[in-house]
Structure formats: structure tokens, C-alpha cells
1. Leaving out same-chain residues fewer than 8 places away, which lysines sit with a Cα under 26 Å from that of A:LYS14?
2. Show the residues, 5+ positions off or on another chain, whose built amide H is closer than 5 Å to the amide H of A:ARG217.
3. At 7 Å along the Cα-to-beta-carbon direction for both B:MET269 and B:GLU96, put a label point, then send me their distance in nm to one decimal.
4. Using amide H atoms built 1.01 Å from N in the peptide plane, name the residues 5+ places from A:GLY23, or on other chains, whose amide H lies under 5 Å from its own.
5. Loop-only check: which trypsin sites (Lys or Arg not before Pro) in segment A:105-148 are DSSP coil with at most 14 other Cβ within 10 angstrom?
6. Once amide H atoms are placed 1.01 Å from N in the peptide plane, what residues at a sequence separation of 5 or more from B:ALA150, or on another chain, have their amide H within under 5 Å of its amide H?
7. What translational D, rounded to a whole number of µm²/s, comes out for segment B:232-377 from Stokes-Einstein when the hydrodynamic radius is the Kirkwood one over Cα pairs, at 20 °C and 1.002 mPa s?
8. Which percent, to the nearest 5, of DSSP beta bridges fully inside segment A:91-234 are antiparallel?
Amino acid sequence: MSAQSAVVLHGVKKAFPLGGGRGLEVLDVAHLALAPGSCTVLRGRSGSGKTTLLNLIAGITAPSAGAIHVDDTDLFALPQARRDRFRAENVGYVFQTFNLLSALSAIENVVLAMMFAGTVPRRLQRRRAADLLARLGLSERLGHKPAQLSRGEQQRVAIARALANRPPLVLADEPCASLDARTASEVLEMFLAVCRQDQKTLLLVSHDAAAFGEAARVIDMAELNRTEARRKRT
Amino acid sequence: MTIFTLAIKYLRGRFVASTLTAVSIALGVSLVVASVLLARGIREGFIAGATDYNLVVGAKGSPTQLVLGVVFRMDLATPNIPYTVYEDLLRDPRVEAAVPIGVGDAYRGFRYVASNSAYFAAYPWRRKAFTLAAGRFFADNSPNEPSYEAVLGAEAARSTGLQIGDRFYEGEEMAEYPLAVVGILRPTGSADDRAIFFSLPSYWGMNEVARAMVVKPLTAVLVRPKRMSDLPSLHREINVTPDTQAVLPSGVLLTIFNMMAVAEDVLKMILVTVGVIVLLYVFVSMYSATIERRREIATMRALGARRASVLTIILAESAALATVGGLGGIVGGHVIAYLAGALLGSSGLVTNPLRFDVFEPAVLGGVIVLGTLAGLLPAVLAYRTEVAENLAPLS
């Protein structure tokens, strides 16, 4: 494992059980390393294992084989509770469908991430959430519930929530897929700017790699995922 | 924000469902609290209202009817007995005190009770003493000179608004014999608070049949023997006569309590059924809420929430619902008991439904524990929510 890498996957496989002792292999990654502060775009067809790969790196899904290191920590050597805590502190996750909690306001959704991590003192949580939302242009929307926000605003709240604990690694699963082109462009611009300023390691799933500029490393799942490559050949 | 405030926000986010759940808990608890308060109140009302006399002598018939009618004024009066029964008992060397009672009609629901000054006498063995809040006791006049003076029980005076000097009668046929208020009693916490007292001559004078009778009628005689050892012989001797019976009020009270115990057993079964239904409702409510927000639970887990945190949120929600419902139920139970107590009061039984009882914290604690347990399975469901599966984009 390279000490220079923010994320390293080695011999990682993921198969979902089908019953009767059989399994459906969906991912087989021999090696993947992401440099700290880099921006990497994953692309590939539906079902090529992009979301599964993000879930593995986030420690949400356990691999069937192999090892995943994030910030030099072997994720799946940790007991579940510590892995949850590690994720809260070190990984920001932006979902395609925002996944904001409907009962909470914009600022409360952001505070929620800090509450679970416990790294930001409680008295500072609301101020930090407000600052983050202001950086994403939502200072007038702090008390609004998700249903009172536009889709673009909801995704910006989700981005603020992912960044709330100052995680060194941010994962984003097609963050703009459910936005119209213009809003997607605005949201993406803000997202990338904040990540660049804070020197986050960014791993995104997107079909539009060009939107991330020449600085982004683009990985095609057909090449990274040997299962996908085998499937393509057959 | 804490886990608990998050649970409260979730409850507020489902305001209608949360309110309905809390109300259903409150209704169930209200029924339990009201039932216990009323059962206790009725028992205490019977005990407080029980007479200090050891025998009630009246016409042959139902012993329960005799005691309920004469002591608690809750039933129709039994047939009359001749005044000579009272005179015989007064002469009996075994009798320390004998009090004649004539139970008549009522004025605006407040029973007429005729007696003499012995009824209000402060014997050392009496638990309650009659004292006047205003005026004086009626005169113990001779049979041929009815005074038509009345002394009102505290509740009878308060409800009718009658004051010293006022004259009143019930029904046009009684206009000729109006009663004049000469005294108002202080509250005694018994059926006497709802009675209107006057002399036996007035009682006879108001009744056309009684006026014509040579031997005047009575409803009953309250008897206190000098020695308790004389009680069995007195009881036996009176009961062998063809027209009168002697009843031990304590025995009737026991019969009433035994009948109440049967009713209470049935009530307990109903209350247990209500409790199970309420718990099922809480379970279904929490279960469906958990199913509905599996995606949000998965999101929290993806944000770093531990399984234990998710479990705690659901349990805190059900505990909060149970607490609110339980507290509401205790308040509601007292309100129901108060209203039902007012109805019982109109039938002569005085209860105290507003008094806080030591069983209520136990009820509240039990409701919180059971309500929280009703949320346990949904909480375990949340605990075991598969994160990746529930985070998949919606189609």
C-alpha cells in the first residue's frame, strides 16, 4: 500500500448471494489507488458496479474478498461500530437522490452529520452548518424543510452535509443526475470549488466526465472492473 | 441536536400519526385511571358514608335496599314500619341509642329525611359530627304541632341556593305545607350532604295518609346496642318478627363490595384488552413509520450513525409517545372520574376523583415501559436496516 494514497483497493471482489451457495459477482478490482486531493471520475454503464464500488470505499458494503484502505486504515479490519464512526469522521457521501431527512430543516440536515461524528463541539455545530450552507449559496434557506427547497437547493444541502465533518474523502454518486442541465452545472461548479479549496479527495460517479475538466482523472469501469470486462468480452 | 431531539422532530414530522397514537394511548390510560379512581372513590364513599349504628331496622324485604335507601339514599325507600317499633327499641335495656328515620320524597333531587334531634347527637362513638354552618337545628316538636322547619345538607344548600328563612316545596299539592330553612350543615363527606332534614311530625303532617294514621309510620330505626355482645340477640329477635327485619350495615357493605369485585374483575379484563389494543396500535404505528423511512435510516447509517443510535431514535420516539399519552391519560382519567363522580354524586354517593393516587406514577411508568417495548421490534428492524439496499436510487 502506498503511503501517498488516500484510498487503496487491493484484490477487491464483491459478489451478492443468489442462494444455494451461489453468488453473483459484480465487482473484481485488482488494484485502485487515489492520490490525496485528487479528483477522480468513475464512468460506466448501468450495473457496471460504480455504486457498489463507492459503497465499498465508504465501508457501507463489505467486500467478498480483498482489502480496502482509506487514509491508511484497513476499513474492514475495524469492528462495525468503529467503522461507522470512521465513516462519519472521514468520508462524505453525496447521493444521487439527495436523501435529505424530510423532518429536518436544511441546517438540521447538515448538523445531523456532525451529531453522528461528534468531532465538532455541539455549540459550534449550527454555526459551522450555517457557514457551509452560506458557501453553497443557501444562507436564506437555513430553516427550510427539504420539501420547501428546489432540487438544486436540496442537492447543495446534501453537499454541505457531506462536507460537514471536514472529511478528507468525498464520494458522490451521480450528484447531478436528477437535476436539469443548467442547475446541474451550477451545483457541480460549487461542489468542485469547495472540494478544491478544502483539498478533498473526490471520487465521483458521472456519465459526463468532460464536466470535470482536464484536472480530473477518469476511470472507465469496463477497464477497472474485471468482472465488467469479462462480461463485455462475452 | 441530540438523538432525543431528533426523535421529537421525527414525531413532529408525522404530526397527525403521532397525535393519533398519543391520543389512543391517552384514551387507554384514561380508562384505566378513571376506573381505578372511581372504584376506589365508590369504596371510600361507601365506607365514609356508612352509619355508626350497628343495626338498621326496617320492613321485611331486601336488606340491601333497606341500607341503600336509609343510609346512602341510593335506592327506593322500603315499606313503612309502625312507630311502635321505635318506641319498643327505645325501651329495650340493651339499646344505647335508637334513631327513627322517615325517608320521603325529594326537593330538586335532594332526599327528604325525617328524624329527631338524636340523628344529630354527638355520641362519643360517632365518627362524624354534625355542625351547623348557619342557623339552628329544627325543633323536636310534638306530633300534633309540626314545625315544617328544615335543615339542609351542605350540597343540598349549595345546589338549590336555598338560604336561612327561605320557604320551599316540591309539587303544587305540597304548597300547603312549605318547609322553612332554619339551618345549613357543614359538609360531612357522606350522603347527608345531599339530604334535607326535618322533624317526624313535619314528615307525617305533609302526608295525607300519615296524618290520618293513629300509629304513625317510619321507614327505619337506626340502633346502637350498649354492648356488642347484645347485637346478635337483638338482630335475631327482630328478624323473627313477621313484619320487621334487622340488618347489619357492615354485612350489606360487604355484599356491595363483593358485587363490585365481580364487576371490577370484568372491568379488569376489558381494560387489559384495551391495553393490548393500544400497544398493538403503537406497534403498528411505529412499525409503519420505520418501514416508511428505511431510506432515511439507511442515509443516517451512511452518514455514520451507529446501529445503536438508530435503535435509540426509534425507542426514544415510542417512549416519548408513551410519555405524552400516559400523562394525557392520567389527566383525562381524572377528568372522566370527575364527571362520572358528579353523576354518582347526584345519586347520593360522594367520591373524591381529583385526589392524586400513588398508583398513578406506577401506571405512567408501566405505560412508558410497555410503550417503549411496543417500539422495540420496529427499532430492531431499523437496527438491521440494510444500508446499501435502501440507498439505491428510486426508480
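1. A:LYS14 reaches A:LYS50, A:LYS232.
2. So A:ARG217 has HN proximity to A:CYS39, A:THR40, A:VAL41.
3. Calculated label separation equals 4.5 nm.
4. Result for A:GLY23 returns A:LEU18.
5. none
6. Under 5 Å from the amide H of B:ALA150: B:ALA180, B:VAL181, B:VAL182, B:GLY183.
7. 108
8. 0
We did not get these values from a lab; they are worked out from the coordinates using the rules stated. None of these values were measured; they are calculated from a predicted model. Backbone-built Cβ (ideal geometry, glycine too); neighbour counts: all protein chains shown.
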